[in-house]
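Supplied in structure tokens, the structure appears directly below.
The values are calculated or read from the model by the stated rules, or taken from the named source; none is laboratory data. Since we're looking at a predicted model, the values are computed, not measured. Glycine gets a Cβ as well: all are built from the backbone with ideal geometry, and neighbour counts include every protein chain shown. We work out accessible area using only protein heavy atoms, side chains counted, and drop any ligands, DNA or RNA first. Shrake-Rupley method; radii C 1.70, N 1.55, O 1.52, S 1.80 Å.
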Amino acid sequence: MKEIKFTDIDGIKVGNAQNYEAATGCTVIICENGATAGVDVRGGSPGTRETDLLNPVNMVQQIHAVMLSGGSAFGLDASSGAMKYLEERNIGFDVQVTKVPIVCSAVLFDLNIGNYKIRPDFKMGYEACINATNTECPSGSIGAGTGATVGKFFGLKRAMKGGLGSYALQVGELKVGAIVAVNCLGDVIDPSTGEILAGLLGEDLESFVGTENMMIANYDSKKNLFSGNTTIGVVVTNGKFSKSEMNKMASMAHNGYARTIRPAHSIFDGDTIFALSIGEVQADISTVGLLAARAMENAVIDAIKSASSLHGIKSHSDIFKK
């Protein structure tokens, strides 16, 4: 087994667009030849588009892109830019008069950082597609991870920067990868050591106090945290699978969230994972699912370690100074 780039998986392109003044952006994963897809939405505050199509009982069998976006529900508009880009290239579901690109989407809440009046829209979604490439996949405060933050139980003053991360691996001919925008309520943990990498800071803004510890200590206080969170991601394989199997793969990939984010899947998070099958490699779905979880786990860590400070919010590198 060896580590590869996410964009080393044949058949996908990744593009980003962002506005640093507004602290928001979007990330598109394009599969021009189509991908069999599934989804698993587990958080209590999701913002999504076209997820119903991924139910195995429904007609459409393939999608053409996934848009991950900031901007809360406003950011769903970025998907329309991706649809325009793909239609111009004759990519989509053939309805005779035209081809309708199937673009799934999930959004995270970043309106509380930067300029909330600017959010990913049609233009930014189109720009992300223009920027899409199969040769590189940058991480950190970019794309959908631009305004991402973590550890927000006591608000942004004691929070840290999240970001966009990716990771992929190869076993023989099989490739499995993950890309994720980490914007969780809780802390991000290195599961190999139990060390907090980013999260809720103490009053000194240098040490960690542990989000779960604070939630337990304040169990009788109903905090109004609104939908200020959500981690959204995509796992991709060149294995050949059905829609039902891709929904199972998305479910198993959530183990990557559970291993690295504490707590994961809260009522204040809209945690969502899409799973895409692009290829003809024969493989066991349970094995690919565990590899997807491992890829997601490492992608979450990459997002945190690659993030840079923005609008006064500290990053991992600020706390773990070299």
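Taking region 159-202 only, how many residues are surrounded by fewer than 20 Cβ atoms within 10 Å (Cβ to Cβ) and not hydrophobic (A, V, I, L, M, F, W, C)?
The qualifying residues number 10.
Out of the residues in region 64-120 that are in a strand (DSSP E or B) and of a type in the set (Ser, Thr, Tyr), state the one that is surrounded by the most Cβ atoms within 10 Å (Cβ to Cβ).
Result: 69.
Applying the selection to region 45-76, what residues are touching a Ser or Thr at 6+ places or on another chain (Cβ under 7 Å) and farther than 20 Å from residue 144 by Cβ?
Scanning region 45-76 gives 56, 61, 62.
Sort through 303, 307, 299 and tell me the only one that's in contact with a Ser or Thr (Cβ under 7 Å, 6 or more places away or on another chain) and farther than 26 Å from residue 174 by Cβ.
307
Does residue 205 satisfy the criteria of being in contact (Cβ under 8 Å) with a residue 24 or more places away in the chain, under 30 Å from residue 28 (Cα atoms) and either open to solvent by 10 Å² or more (accessible area, probe 1.4 Å) or touching a helix residue (DSSP H, G or I) at 6+ places or on another chain (Cβ under 8 Å) (or both)?
On the way: in contact (Cβ under 8 Å) with a residue 24 or more places away in the chain: yes; under 30 Å from residue 28 (Cα atoms): no; either open to solvent by 10 Å² or more (accessible area, probe 1.4 Å) or touching a helix residue (DSSP H, G or I) at 6+ places or on another chain (Cβ under 8 Å) (or both): yes.
Judged against the criteria, residue 205 is not a match.
From 255, 247, which residue is at pLDDT 95 or above, open to solvent by 60 Å² or more (accessible area, probe 1.4 Å) and out of contact with any Ser or Thr (no Cβ under 8 Å at 6 or more places or on another chain)?
Details: 247 fails: open to solvent by 60 Å² or more (accessible area, probe 1.4 Å).
Result of the check over 255, 247: 255.
Another question, if that's okay. Can you say whether residue 33 is in a strand (DSSP E or B) and either surrounded by fewer than 24 Cβ atoms within 10 Å (Cβ to Cβ) or touching a helix residue (DSSP H, G or I) at 6+ places or on another chain (Cβ under 8 Å) (or both), as far as the supplied structure shows? Explain how you work it out, then say what you get.
On the way: in a strand (DSSP E or B): yes; either surrounded by fewer than 24 Cβ atoms within 10 Å (Cβ to Cβ) or touching a helix residue (DSSP H, G or I) at 6+ places or on another chain (Cβ under 8 Å) (or both): yes.
Yes, satisfied.
When both residues are 6+ apart or on different chains and their Cβ atoms are under 8 Å apart, which pairs have a first residue that lies in region 3-16 and is touching a residue at least 40 places away in the same chain (Cβ under 8 Å), and a second that is surrounded by 21 or more Cβ atoms within 10 Å (Cβ to Cβ) and of a type in the set (Lys, Arg)?
Every condition considered, the pairs that remain are 4/175; 8/175; 9/175; 10/175.
Looking only at residues in region 128-153 that are of a type in the set (Ser, Thr, Tyr) and out of contact with any Leu (no Cβ under 7 Å at 6 or more places or on another chain), which one is surrounded by the fewest Cβ atoms within 10 Å (Cβ to Cβ)?
As a first pass, look at region 128-153 and keep what is of a type in the set (Ser, Thr, Tyr): 133, 135, 139, 141, 146, 149.
If we keep only those that are out of contact with any Leu (no Cβ under 7 Å at 6 or more places or on another chain) as well, we get 133, 135, 146.
Details: 133: 12, 135: 9, 146: 31.
Here the residue is 135.
Let me ask something else. So is residue 164 touching a residue at least 40 places away in the same chain (Cβ under 8 Å) and closer than 23 Å to residue 39 by Cβ or not? Even if it seems obvious, please write down each step before you answer.
Values: touching a residue at least 40 places away in the same chain (Cβ under 8 Å): yes; closer than 23 Å to residue 39 by Cβ: yes.
The answer is yes for residue 164.
Sticking with this one: With 286, 315, 308 as the choices, which residue is small (Gly, Ala, Ser), open to solvent by 10 Å² or more (accessible area, probe 1.4 Å), touching a residue at least 60 places away in the same chain (Cβ under 8 Å) and on the phi < 0 side of the Ramachandran plot? Even if it seems obvious, please write down each step before you answer.
Values: 286 fails: touching a residue at least 60 places away in the same chain (Cβ under 8 Å); 315 fails: open to solvent by 10 Å² or more (accessible area, probe 1.4 Å).
Of 286, 315, 308, the one residue that is small (Gly, Ala, Ser), open to solvent by 10 Å² or more (accessible area, probe 1.4 Å), touching a residue at least 60 places away in the same chain (Cβ under 8 Å) and on the phi < 0 side of the Ramachandran plot is 308.
Any idea which of (1) outside any helix (DSSP H, G or I); (2) modelled with pLDDT of 95 or more is the one residue 46 doesn't satisfy?
(2)
Any residue in region 95-110 that is among the charged types (D, E, K, R) sitting within a Cβ distance under 7 Å of a residue that is open to solvent by 10 Å² or more (accessible area, probe 1.4 Å)? List the pairs, counting only those 6 or more apart or interchain.
Note: pairs meeting the criteria are 99/87; 99/90; 99/91; 99/92; 99/93.
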